[in-house]
Amino acid sequence: MQAKLFIYLLLASVCISSSYAQEFDKYRLFEQKDYQFPYELAEPDQKWELPKKLVEISGLSMIDEHRLACIQDEKGNVYIFNLQSGEVERKIYFGEDGDYEGVEIIDKNAWILKSNGTLYEVMNYLEVENPGSTKYPTELSKKNDAEGLAYDPISHTLLIACKGHPFLDEKEGKEFKALYSFDLEKKQLNLNPFLLVVMDTVKYYKNYNTMTQLGIELLAYFDGSKGDLSFQPSGIAIHPITGNFYIMGSVGNLMMVFSREGRMLAMIKLRSKYYPQPEGMCFGSDGKLYIANEGDDKKGTILMFEAKKPF
């Protein structure tokens, strides 16, 4: 999907066609009539407390059913976390210290995202003692504050979610959040956003006389001084079975689900009890969802969720 997609968070048509699941679950702010969010994010099926070296975990990716590749945002290491033992079984050095925010495993290689938009490819990361890495600078920069990384097997691209400025130039953009795609064949960034999330649509409905419960819930996230919904992406993952895009934000504590056609399917509030600082997520091949939380003054955690409804 190469065309730019514009996602509007609150439109009249959405309000009319939506199913107000929050009547039964106040944390499920929005759900399309023909879609059911399959996970109960307030009820993790399993939880792992992480060792001190991963207190600042910032990204994770599935290796196999028993292992996750993890990074933290200060050290140039990939940590192999064993879900059975609950321990880090191996640490793989790939580069100097830095602000690393995302990791994706593609076949035998690991890809790591730095907050300035630079990508690192670590080839044969499990098979070589000191694999090193190849660096791919992109047109993104610190102002974009790249935070999320996901692999799209359909387009064979990496998707990069930007927490900060959405555009590559200086034009105004506080009302948007952007995702970019990186072509793995050409090893280059597509200069046009893959997806633009329009964050300020809700303000046009602020005085709407027939404001729905959905609208009232959404207004709680609106911050006029920022021109957005106080949502800043910190993680992105693509569901292995449905192909839907899951975008999560530690600022705003929200998770949004979009179809591949750019239709918003659901918006879920993340409870701070379980998500003090959600920074990364990934899926297993069976559809299990894994979410990582930074620890700060507590231990970092990984939460696992099994689907409670059909995909």
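Derivation of every value follows stated rules applied to the coordinates shown; laboratory data play no part. Note that this is a predicted model, so its numbers are computed, not measured. Cβ atoms come from the backbone with ideal geometry, glycine included; neighbour counts cover every protein chain shown.
Provide the packing ranking of 65-71, 79-85, i.e. peptides ordered by the mean count of other C-beta atoms within 10 Å per residue, highest first.
My ranking of the peptides, most packed first, is 65-71, 79-85.
Sorted by mean Cβ packing within 10 Å, highest first, what order do the peptides 234-240, 261-267 take? Can you show the working numbers first?
Working: 234-240: 22.0, 261-267: 18.1.
Highest mean packing first, the order is 234-240, 261-267.
Once you put a point 7 Å from the Cα of GLU129 and another 7 Å from the Cα of LYS309, both along the Cβ direction, what distance in nm separates them?
5.3
I need the calculated FRET efficiency for the pair LYS273 and ASP34, taking r as the beta carbon distance and R₀ as 30 Å, to the nearest 0.05.
Values: r = 31 Å, r/R0 = 1.02.
Result of the calculation: an efficiency of 0.45.
Spin-label point model (7 Å from Cα, Cβ direction): what's the ASN82 to ASP183 distance in nm?
Here the answer is 4.2 nm between the modelled labels.
Using unit Cβ charges (K, R positive; D, E negative) and no other charged atoms, how large, in debye to the nearest 20, is the dipole of the stretch 51-140 about its Cα centre? Write out the running numbers ahead of the final one.
Details: 9 positive and 17 negative charges, 37 e Å.
The calculation lands at about 180 debye.
Taking the number of other C-beta atoms within 10 Å as the exposure measure, put GLU172, GLU294, GLU56 in order starting with the fewest.
Numbers: GLU172 10, GLU294 22, GLU56 19.
Ranking GLU172, GLU294, GLU56 by Cβ neighbours within 10 Å, fewest first, gives GLU172, GLU56, GLU294.
What spacing in nm lies between the two simple spin-label points modelled at ARG90 and LYS53, each 7 Å away from Cα in the Cβ direction?
With each label placed 7 Å out from Cα toward Cβ, I get 1.3 nm.
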